[in-house]
Amino acid sequence: MDANSEESAEMYNFSVLRDLRKGAALTIAGLSEKTGISPAVISKLERNQAVAGLGTLFRLARAFGITAAELLALIESRTAQCKKETDRIAGDFHFRQIEFSNSKCLYAEAPKGARRSNPDAHRDDYEICWVLNGSLKIVLPYEAHVLSAGDCLQFDALFEHTYEVLEDCRIIIQHIHKQKRF
């Protein structure tokens, strides 16, 4: 391997291809037939002895029914990402949050009577609210839900919504980014 190949090998873990191939019930020969990529190249990729170019990534991704970008995300060597929480106060709500590129998780505490409407933390997300203790009311455009400890609600965060705290509460709010539609 040359210096660029060694850097690429450190950045990517192509052995995930073996898991995808086995998950699709394909042999190396079957994947080769489906993609037009030689069995030797597929074998080398699965053993991290070669690095795939964009055309190869595209053909492999199509064989697994995903995009080349999705495949590239799967083969990035980093298997985990650590973040440090941040704090923020919004009205009577105290938030501790962790944010990644595809989601945000917030732990919130709020006293009875607290109200939060049109939070500034929304993108085109799904929002999940899980009440750990206390109770609150979530008002959406055409419905309202009263949640108590142990209850959970998922909704489209683009809809206007209001959190009204009925009893001092602790909640977990998860924002999950929607997949691109096109």
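The values are calculated or read from the model by the stated rules, or taken from the named source; none is laboratory data. Bear in mind that the values here come from a model prediction, so they are computed numbers and not experimental data. Note: ideal-geometry Cβ built from the backbone for every residue, glycine included; neighbour counts use all protein chains shown. Ligands, DNA and RNA are stripped out before the accessible areas are found, and what is left, the full protein with its side chains, is counted by its heavy atoms. Shrake-Rupley method; radii C 1.70, N 1.55, O 1.52, S 1.80 Å.
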Exactly one of R115, R59 is touching a helix residue (DSSP H, G or I) at 6+ places or on another chain (Cβ under 9 Å) and of a type in the set (K, R), and that one is R59
Looking at the stretch 144-170, which of its residues are over 20 Å from the mean Cα position of the chain (by Cα) and open to solvent by less than 40 Å² (accessible area, probe 1.4 Å)? L147, H161, T162, Y163, V165, C169
Which listed residue is more than 17 Å from the chain's Cα centre (by Cα) and surrounded by fewer than 12 Cβ atoms within 10 Å (Cβ to Cβ), from L45, L54: L54
So R115 fits all but one of (1) closer than 30 Å to N133 by Cα; (2) within 25 Å of the chain's Cα centre (by Cα); (3) without any contact (Cβ under 8 Å) to a residue 60 or more places away in the chain; what number is the exception? (2)
